[in-house]
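**Q** My questions will all concern the structure given below.
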Amino acid sequence: MKRLLLALTIAATSLAAFTGCKKEYVTNNYLPGVSYVYNIKSNQWSRISGTNTFVYEQSVPDLDQRYFEDGHVSVAISYDNDATVYEIIPATIADYSFSANYSIGKVRIFAEDIGTGSTVQSPDDMITKIVLTDAEIGN
C-alpha cells in the first residue's frame, strides 16, 4: 500500500512539473492604420511655373520615418459636387490628371490640367482622404 501511495505521489508530482503553464507574451509591433480627411479649396492650389500642373501640399505629422519606410500611403479625392464617391489617385478625373507623392510629414497632390480649353485653372473644391497603413518588412 505504501509503495502504491509513493508511486501515485511521484506520478502526480511529475505530471504537475512537466505540464506547467508557460507564459507567452504577444507584442504588437505594428502601427495602427489611420485616415485623415482634408478640405481643399480651389484657391489653395499652387501652379508650378511654366506648366499646366498645380500642386497642393498637406502636412501629415503622423507620417513619420516608420510609415515612410515600411508603411503605405494612399490618397483619394472627392469633388464637393459629388461627395458620394472617392476616386483613388493616380487617376484622370474630368479635365485633370491627378497624382501624389509623399515624404516624411508631407503629402503632395498634383493636378495637371489636360482639358482642351485655352484657360488653365486649378481644380474645383474637393475633399481629400489620406490613409496611412502599416506593413511588415518583407526583405
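**Q** Which FRET efficiency value, to the nearest 0.05, do you get for Asp95 and Gln44 by plugging their Cβ-Cβ distance into 1/(1 + (r/R0)^6) with R0 = 25 Å?
**A** 0.85
**Q** How big is the convex hull of the Cα atoms of segment 56-139, per residue, in Å³?
**A** Enclosed volume per residue, from the Cα hull, is 107 Å³.
Laboratory data are not the source of any read-out in this text; all were calculated from the coordinates shown. The structure presented is a predicted model; accordingly, all values stated were derived computationally and were not measured. Neighbour counts run over all protein chains shown; Cβ positions are idealised from the backbone, glycine included.
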